[in-house]
Structure formats: C-alpha cells, structure tokens
1. What list of ³J(HN,Hα) values in whole Hz, one per residue of segment 58-72 in order, does the Karplus curve 6.51 cos²θ - 1.76 cosθ + 1.60 (θ = phi - 60°) give from phi, with Gly and Pro shown as x?
2. Assign unit charges at the C-beta atoms only (+1 for Lys and Arg, -1 for Asp and Glu), then state the dipole size of the chain relative to its Cα centre in Debye, rounded to the nearest 20.
3. Using helices alone, I'd like the mean residue ellipticity at 222 nm for the chain: each DSSP H run of four-plus residues gives -39500 (n - 2.57), total over residue count, nearest 500.
4. Can you tell me which of 152-163, 58-69, 130-141, 14-25 comes out highest on packing, and rank the rest after it, using the mean Cβ neighbours within 10 Å?
5. Mind listing the long-range amide H neighbours of residue 35? Cut-off is under 5 Å, sequence gap 5 or more, other chains count too, H placed in the peptide plane at 1.01 Å from N.
6. With N set to the number of residues, divide the alpha-carbon radius of gyration of segment 13-115 by 2.2 N^0.38 Å and report two decimals.
7. Using only the Cα atoms of segment 108-156, each taken as one equal point scatterer with no solvent, compute I(q) by the Debye sum, divide by I(0), and report log10 of the ratio at q = 0.16, 0.29, 0.32, 0.33 Å⁻¹.
8. Counting pairwise Cα distances across the chain, what percent come out greater than 19 angstrom?
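Just so you know, all these numbers are worked out from the coordinates, no wet-lab data involved. Small disclaimer: the values here were computed from a predicted structure and weren't measured. Here the Cβ positions follow ideal geometry from the backbone for every residue, glycine too, while neighbour counts run over all protein chains shown.
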Amino acid sequence: MATLKLGVLGSGSGSNMQSIVDAIEKGELDAEIKLVLADVKDAYILERAKKHGIPAQWLDCAPWKTKLEGPAEDRCIELLRDAGCDTVVLAGFMRIVKPKLLAAFPMRVLNIHPALLPAFPGVHSWTQALDYGCKVAGVTVHFVDAGTDSGPIIVQKCVPVLEDDTPETLHARIQVQEHIAFPEALAHLAAGRLKVEGRRVRIG
Ligand code: GAR
C-alpha cells in the first residue's frame, strides 16, 4: 500500500502528533506528515512539528470558535491539497469539521476522542466519565462523519478509573493509551487493512 500522506490539525500540545511522528521514525507506521495546521496561534503542536522539520502554520478560523467552516475551511482544504495530503488526522483539534472538508477527503479523516464512544462525546470527556461514576474510561479513534464524534470506530482502548482520580490523573492515563491507539489505527489504514461496512470497521 502507498505511504500515507498526513495532514494534521490540532489545537493544543500535540502529544498525539508526537506519537505519530515517533511511530513513523521507528518504522512502525508507513506515513509522512506533510503539514500541520493549528487553529491556536501559539499551540505547542506547531513548535513540535517545526522541531521535526514538518511544515506547520496557524490557520485563522475566525469568526467561528467551535467549527471549521467558510473561508477558513476552503483555505484548509487548499493547504492540505497543496501539501499533497491524502489523509487528515484530527489530533486534539477542538472544532467540528464540516461536510466540505469531509467530501474533499472521503473516509480519510480520522479523529481521536478521549472517551469510549458513543459515551461522552464533546469536550472534557474524561471529566464527564469521572462525574458519571464510570469504572472504566478510554479512548476511541474513529473515521469522522457529519456528526459529532459519531463516525465508524477503528480502535478503542480502556483504562481503569481509580478511586482517587482527578480529571488530570484520569486524562493522563487515557493519553498513554491515545499514544498507542492513534499510530495503531493509522498503521491499519496504511496497510489497507480497514474495511468499512456501514458502522462496522473490520480489521483484516
Ligand atoms: C487529547 O486528549 C485528545 O483526545 C483530545 O484533546 C487532547 C489533545 O492532546 N481531543 C478531543 O477532546 C477532541 N474532541 P494533544 O494536543 O496532546 O494531542
């Protein structure tokens, strides 16, 4: 199968992007990161990318705060295409992506979500799991569809919720699994192992 040409969108520290870089460097993932875009000007993900020589830039998504739409969406698609991306990775991108981007990269947009979907979509999912009294929490990597955190699930990993957990300790435990799950899902995609049948993703 062809090497994945990844465009990464993020908003924060970029530890998930780092796990993808590490997997590529170790030869565990047949991919190249062609471009990193962040909707937050000083997001650390941009620094991390530059340290690895990956082109990275801020994408001004105004006037919207929670979605990628309009001229910013058009610009995003143009930048990803110009960089030669064939797959888009949402690595802590805190905006809803809209149908135009999804149509530009059909079944090629993947997201990581810090919960065992379909439980706790949206933001601060680990806090939602803790407040709900869950005994397990986890992470989901899924294809993105037009809903919020609702696309076909590729990989999930569980972690225990401990008696003395705070939102921070639980999120940290989930992030350890995130950094395994995202490279794993991308490696399946790169190897052509993912078959999507309705909601079900078979790994074969
Ligand atoms: C991760 O925990 C990711 O699952 C979450 O943001 C964090 C980004 O961390 N994503 C979402 O909540 C998306 N709804 P990172 O910048 O260190 O990769």
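1. Per-residue couplings from phi come out as 6, 10, 6, 9, 4, x, 8, 9, 10, 9, 10, 8, x, x, 5 Hz.
2. Roughly 500 debye for the chain.
3. Helices in the chain give a 222 nm mean residue ellipticity of -10500 deg cm²/dmol.
4. The peptides rank, most packed first, as 14-25, 130-141, 152-163, 58-69.
5. Residues meeting the criterion, in which the H sits 1.01 Å from N, are 8.
6. 1.03
7. The Cα Debye sum returns log10 ratios of -0.39, -1.06, -1.22, -1.27.
8. The share of Cα pairs beyond 19 Å in the chain comes to 59 percent.
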